[in-house]
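Read through the structure below, which is laid out as C-alpha cells, and then see the notes.
The values are calculated or read from the model by the stated rules, or taken from the named source; none is laboratory data. Since the structure is predicted, the reported quantities are computational estimates derived from the model, not experimental observations. Cβ atoms come from the backbone with ideal geometry, glycine included; neighbour counts cover every protein chain shown.
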Amino acid sequence: MSFCGKKYRRSHCENINELVKASNMHDVIQTFEKFAPTICFTRLDKETFHMDLQVGTKHVGHTFTLEEEQEMERRDGSKVRITYTLHGDNVLHQMIKLPDGKSAYFRREFSDTDCTMTIALEGVEQTGTIWYERIA
C-alpha cells in the first residue's frame with residue numbers, strides 16, 4: 001500500500017459548493033471545504049485498516065475491514081452504512097448508504113505525493129473533487 005502510514009492534508013477543492021446545494025450532505029462536505037482536514041490510513045492486517053481524520057480541533061478514528069459493511073452513527077444521531085473496497089494498491093473506494101436510502105461514493109486515488117478524492121452522490125449529476133498533498 002503506497003498510501004499507508006502517510007499523512008495527507010487538503011490543498012484545494014472543486015465543485016464542492018455545487019455538490020452541497022444538490023445534496024443533503026451539507027455538514028460532511030462543508031467540513032471538507034471550510035477546514036484543511038488531514039487524513040492518514042494505517043494497515044492493521046491484510047484486510048483491516050484504521051483511518052485517522054483530523055478536522056480543525058476534532059479527531060475521528062475509524063477502523064474498518066475491506067468489503068465489510070458496518071454501521072456508524074453521525075453527529076445528528078442518524079445511522080449510515082459504510083463499505084470500503086481497495087482497487088490495486090492505491091485506489092480506495094468508500095460507499096456510504098445514507099438514511100434517505102441514497103448512496104454517496106468517495107474515491108481516493110493515492111500517489112507518492114498526493115491524493116485525489118472524487119465525491120459522487122446518487123441522484124446528483126454534479127461531482128466534487130478534493131485534492132490532498134502529502135505532508136508526512
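Kindly indicate whether any position in the stretch 25-43 is surrounded by fewer than 13 Cβ atoms within 10 Å (Cβ to Cβ), over 24 Å from residue 136 (Cα atoms) and either modelled with pLDDT of 95 or more or not hydroxyl-bearing (Ser, Thr, Tyr) (or both). Within the stretch 25-43, one or more residues are surrounded by fewer than 13 Cβ atoms within 10 Å (Cβ to Cβ), over 24 Å from residue 136 (Cα atoms) and either modelled with pLDDT of 95 or more or not hydroxyl-bearing (Ser, Thr, Tyr) (or both). Strands (runs of 3 or more DSSP E) fully within the stretch 27-136 that include at least 2 residues being in contact (Cβ under 8 Å) with a residue 60 or more places away in the chain: 38-43, 103-110, 114-121, 127-134.
Taking (1) farther than 24 Å from residue 11 by Cβ; (2) out of contact with any strand residue (DSSP E or B) (no Cβ under 6 Å at 6 or more places or on another chain); (3) surrounded by 12 or more Cβ atoms within 10 Å (Cβ to Cβ) in turn, residue 126 satisfies each apart from (1). Regarding the stretch 67-81, can at least one residue be identified that is surrounded by 15 or more Cβ atoms within 10 Å (Cβ to Cβ) and at pLDDT 95 or above? Taking every residue of the stretch 67-81 in turn, none turns out to be surrounded by 15 or more Cβ atoms within 10 Å (Cβ to Cβ) and at pLDDT 95 or above.
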